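Enquirer: One structure is given below, represented as structure tokens, and several questions about it will come after.
The values are calculated or read from the model by the stated rules, or taken from the named source; none is laboratory data. Source: prediction; values computed, not measured. Every residue, glycine among them, receives a Cβ derived from its backbone with ideal geometry; neighbour counts consider all protein chains shown. When the accessible area is computed, the model is the full protein with side chains, heavy atoms only, and any ligands, DNA or RNA have been set aside. Shrake-Rupley method; radii C 1.70, N 1.55, O 1.52, S 1.80 Å.
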Amino acid sequence: MEHPKYKIALIVGAGEGLSASLARLLAAQGIRLALAARKIEKLGALCTETGAKAYACNATEPDEVERLFGLVEREIGTPDLVVYNASGRTRGPFVDLVPADVAQAIAVSAYGGFLVAQQAAKRMLPHQHGAILFTGASASVKGYAQSAPFAMGKFALRGLAQSMARELSPQGIHVAHFVIDGGIRSATRSEPADKPDSMLDPDAIAQSYWNVLQQPRSAWSWELELRPWVERF
């Protein structure tokens, strides 16, 4: 069976780490890229490397998300692959949490995912083709102490993905949620020398995203968990 072909990708919540690895992989596959973030000043090098174009967008604002998709359509084309990689968190003892901070964390982790996915789905459904991917975390399935807002947002994002997959998969839209269960290696964060591969390699995560995108529709995954080999679960 022929694998699905994606032409234009939009990554929302772009930055260093996973989204950068994913951008490089997609660019290597000949996919044109748009990268969106609240602050795009640090995306210059990645855009130069991948040929991507950067767009400033607050994903929690409906008008800004709609404007983002309109700009990408006019300047690059209609995205048939959209990745939501943004998340918000605030930590602390439960009784000390500031309600406004909690609302903002949930908005970034979950509500922004809804806004981006809705704009993406509206454009994909007429063609019965496309993929919408969500980046989750350990907190998508486990609520940790002093991290209630992050769990609330990530639980909600997972529920959004599951509901969308049930509704949109039969209409040709591949919706998938990725539980990243562990720390992600970066230039400023690496595992101890005596514990090799105890953190997730962002390039390896990106490869798993790509593998899911290549699934024939007769065997689609809606969720994939990824963790280092020594991670407890």
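Listed here are the residues, each with its yes/no results for (1) of a type in the set (Lys, Arg); (2) surrounded by 15 or more Cβ atoms within 10 Å (Cβ to Cβ); (3) touching a residue at least 24 places away in the same chain (Cβ under 8 Å); (4) within 19 Å of Phe134 (Cα to Cα).
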{"site": "Arg74", "(1), (2), (3), (4)": "yes, no, no, no"}
{"site": "Tyr84", "(1), (2), (3), (4)": "no, yes, yes, yes"}
{"site": "Gly92", "(1), (2), (3), (4)": "no, no, yes, no"}
{"site": "Asp96", "(1), (2), (3), (4)": "no, no, no, no"}
{"site": "Ala107", "(1), (2), (3), (4)": "no, yes, yes, yes"}
{"site": "Ala110", "(1), (2), (3), (4)": "no, yes, yes, yes"}
{"site": "Phe114", "(1), (2), (3), (4)": "no, yes, yes, yes"}
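Enquirer: I've got another one for you. For region 170-179, name all the residues that are more than 20 Å from Gly88 (Cβ to Cβ) and open to solvent by less than 60 Å² (accessible area, probe 1.4 Å).
Expert: Matches in region 170-179: Gly172, Ile173, His174, Val175, Ala176.
Enquirer: Let me confirm something: among Glu167, Glu225, which residue is open to solvent by 50 Å² or more (accessible area, probe 1.4 Å), under 30 Å from His129 (Cα atoms), touching a strand residue (DSSP E or B) at 6+ places or on another chain (Cβ under 6 Å) and not β-branched (Val, Ile, Thr)?
Expert: Glu225
Enquirer: Would you mind finding the one in Ser186, Ser198, Ser218 that is farther than 23 Å from Leu160 by Cβ and open to solvent by 70 Å² or more (accessible area, probe 1.4 Å)?
Expert: On the way: Ser186 fails: open to solvent by 70 Å² or more (accessible area, probe 1.4 Å); Ser198 fails: open to solvent by 70 Å² or more (accessible area, probe 1.4 Å).
Residue meeting the stated conditions: Ser218.
Enquirer: Now, a different point. Provide a single number: the residues in region 201-214 that are over 26 Å from Gly143 (Cα atoms), open to solvent by less than 60 Å² (accessible area, probe 1.4 Å) and either among the β-branched types (Val, Ile, Thr) or in contact with a Ser or Thr (Cβ under 6 Å, 6 or more places away or on another chain) (or both).
Expert: Summing the residues that are over 26 Å from Gly143 (Cα atoms), open to solvent by less than 60 Å² (accessible area, probe 1.4 Å) and either among the β-branched types (Val, Ile, Thr) or in contact with a Ser or Thr (Cβ under 6 Å, 6 or more places away or on another chain) (or both) in region 201-214 gives 1.
Enquirer: Of all residues in region 142-161, count the ones that are open to solvent by less than 30 Å² (accessible area, probe 1.4 Å) and not small (Gly, Ala, Ser).
Expert: Total satisfying the criteria: 4.
Enquirer: Could you pull out every one of the strands (runs of 3 or more DSSP E) wholly within region 122-233 that has 2 or more residues that are more than 22 Å from Phe69 (Cβ to Cβ) and touching a residue at least 12 places away in the same chain (Cβ under 8 Å)?
Expert: Details: elements: 130-135, 173-180, 223-226.
Result: 173-180, 223-226.
Enquirer: Something else now. Among (1) of a type outside the set (Lys, Arg); (2) part of a helix (DSSP H, G or I); (3) farther than 18 Å from Ile40 by Cβ; (4) touching a residue at least 12 places away in the same chain (Cβ under 8 Å), there is one condition Ala103 misses while meeting the rest; what is its number?
Expert: (4)
Enquirer: Something else about it: Search region 168-222 for residues being among the acidic types (Asp, Glu) and out of contact with any helix residue (DSSP H, G or I) (no Cβ under 7 Å at 6 or more places or on another chain), and hand back the single one that is farthest from Ala110 (Cα to Cα).
Expert: That would be Asp194.
Enquirer: Now for a separate question. Go through (1) open to solvent by less than 70 Å² (accessible area, probe 1.4 Å); (2) out of contact with any Asp or Glu (no Cβ under 7 Å at 6 or more places or on another chain); (3) over 26 Å from Pro149 (Cα atoms) for Lys122 and report which single condition fails.
Expert: Single failed check for Lys122: (1).
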